[in-house]
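Have a look at the structure below before the remarks.
The values are calculated or read from the model by the stated rules, or taken from the named source; none is laboratory data. All values reported here derive from a predicted model rather than from experimental measurement. Cβ atoms come from the backbone with ideal geometry, glycine included; neighbour counts cover every protein chain shown.
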Amino acid sequence: MSSYQIIKLAPSEFYKCSNIWDMTRQAKMAEIFLEELVNGNRITFVYVENHQFIGECSLVFRNNDPDYTIPNKRIYLSRMIVKDDFRNRGIGSILLDYLIEFAIQLGYEEISLGVDTNNWKAMYLYHKKGFTHELYTGKDEHGEYVKLLKKLR
């Protein structure tokens, strides 16, 4: 694997994430994410190789769903994605480790996430990294998903 860095995304550079996912096709989601970045409810980290944005993931402090966030106790890992051509190289694992450590440094006791149940690679990674407590299994407009929790201390 070549040299990389993980950087905290500035709102002014948010548009560079369109290299990772199609912001025009998911315009509403992009608008919400940018608003959360600007107002401080979301911190996004980007995996960068050769000055190119390869992967991104975020921590969200407040969410309307208590399964995902509890003020000063539980933080939500949101939108972990690696550019298609760079998958299966361990980048997701590196990003996940980084976010877990960052959440610990912030003083959180728990970290939660949601994942589609048919996303076997992500499910395997999350279980391997300690997201073993199932908070909820359900279905929405995108399909079946599960909310997972990892205790940080």
Residue match in region 80-102 (condition: touching a Lys or Arg at 6+ places or on another chain (Cβ under 8 Å), farther than 25 Å from His142 by Cα and either surrounded by 17 or more Cβ atoms within 10 Å (Cβ to Cβ) or modelled with pLDDT under 95 (or both))
yes
If we keep only residues of region 114-153 that are assigned to a strand (DSSP E or B) and in contact (Cβ under 8 Å) with a residue 40 or more places away in the chain, then the residue nearest to the chain's Cα centre (by Cα) is Gly114
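Which residue, of Lys28, Lys73, Lys8, is farther than 25 Å from Tyr145 by Cα and loosely packed, with under 14 Cβ neighbours inside 10 Å?
From the options Lys28, Lys73, Lys8, the qualifying one is Lys8.
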